[in-house]
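One structure is given below, encoded as structure tokens.
The values are calculated or read from the model by the stated rules, or taken from the named source; none is laboratory data. Computed from a predicted model, the values in this text were never measured in an experiment. Note that each Cβ is placed from the backbone with ideal geometry, even for glycine, and that neighbours are counted across all protein chains shown.
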């Protein structure tokens, strides 16, 4: 059991990544809150998504960076050892083959 010295929350894993205060409300704030070595990779994911979805709105949904245009298109999130990509249902259907 590990207790964060900043916010006092209990976690199963030592030094578990989390937000001590209110979660970020912008993608810039989300990326800035991640460990510095991970930030360039998150910016690369962000730039790639922006290049193929230039009209999508950036927002935070489910505490993750999200691209939205009438619905959630794709989310991404930093984890301890990877960056997760979470496509919306239309992408899953489109690429199911």
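Yes/no matrix, rows are residues, columns are (1) without any contact (Cβ under 8 Å) to a residue 60 or more places away in the chain; (2) surrounded by 11 or more Cβ atoms within 10 Å (Cβ to Cβ):
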site: 48; (1), (2): yes, yes
site: 56; (1), (2): yes, yes
site: 59; (1), (2): yes, yes
site: 75; (1), (2): yes, yes
site: 79; (1), (2): no, no
site: 82; (1), (2): yes, no
site: 86; (1), (2): yes, yes
site: 89; (1), (2): yes, no
site: 94; (1), (2): yes, no
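When the residues of the stretch 37-53 are filtered to those that are in a loop (DSSP other than H, G, I, E, B) and at pLDDT 95 or above, the one that is nearest to residue 74 (Cα to Cα) is 38.
For the stretch 1-36, the set of residues classified as touching a helix residue (DSSP H, G or I) at 6+ places or on another chain (Cβ under 7 Å) and either over 18 Å from residue 82 (Cα atoms) or at pLDDT below 85 (or both) consists of 24 only.
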